[in-house]
1. Let me test this: with uniform point scatterers at the alpha carbons of the chain, what is the Debye-based log₁₀ I(q)/I(0) at q = 0.13, 0.14 1/Å?
2. So which of K56/K104; K28/K104; K56/K100; K106/K134; K28/K97 end up more than 18 Å apart, counting from Cα to Cα?
3. Taking θ = phi - 60°, what integer Hz values does the Karplus form 6.51 cos²θ - 1.76 cosθ + 1.60 yield along segment 38-47, in sequence order, with x for Gly and Pro?
4. Between Q131 and N74, how many nm apart are label points set 7 Å from Cα along the C-beta direction?
5. Using DSSP to define loop residues, name the trypsin sites (Lys or Arg not before Pro) in segment 1-74 whose beta-carbon has at most 12 other beta-carbon atoms within 10 Å.
6. With each pseudo-label sitting 7 Å past Cα toward Cβ, what's the L11-K104 distance in nm, one decimal?
Amino acid sequence: MKFNDMPSFKLVKIIHLKRLYVDSQLSKLALTRTQWQIMIILDILEEPISQQDILKNIDIDAAQLTRTLNQLENNNYIARYREQQNRRSAFIKITVKGKKIIQKIKTVMENETRIFFTDFSEDEKKSFLSQLKKVEKNFISGVENQSLNERRK
């Protein structure tokens, strides 16, 4: 099998094309990739949301997260607060302005999904998503098995 026919290469290429599309659309809203990804993560997670919760769901370091949260806070998309029972940790919540921008992000993501599934029948969509779940499960199992084997050494 040629390298460019391998599933991993195809997935990387698709992700690259998807990012180009989404980034071009969201740059019109003056959002960077990291900013819109964090806004979506905040929308998915339940409050209270800590910086550690966000870090578990995105592939950036703590310093970059802090910088990005500062930018989002300066744009009034998020607000930070402290809870009485846990004064040491700052928590993040989405503001009204942030909820409006999330709706715009979701619209772009829905358009991206429509493009992704152009020329797919409903059965093909279901089958494709089912196969992706299997691949995800395989990798999760593979990573867990590898970690277990490394600990045994």
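1. -0.82, -0.92
2. Values: K56/K104 24 Å; K28/K104 11 Å; K56/K100 25 Å; K106/K134 26 Å; K28/K97 16 Å.
Over 18 Å Cα-Cα: K56/K104; K56/K100; K106/K134.
3. After applying 6.51 cos²θ - 1.76 cosθ + 1.60, I find 5, 4, 5, 4, 4, 5, 7, 6, 9, 6 Hz.
4. 4.5
5. Working: sites: K2, K10, K13, K18, R19, K28, R33, K56, R67; in loops: K2, K28, K56.
In loop regions of segment 1-74 (DSSP not H, G, I, E or B), the sparsely surrounded trypsin sites (Lys or Arg not before Pro) are K2, K28, K56.
6. Reported label-point gap for L11 and K104 is 3.3 nm.
Computed from the coordinates by the stated procedures, all read-outs in this text should not be read as laboratory data. Bear in mind the structure is a predicted one, so any value in this text is a computation, not a measurement. Heads up, the Cβs are rebuilt from the backbone with ideal geometry, glycines too, and the neighbour counts pull from every protein chain shown.
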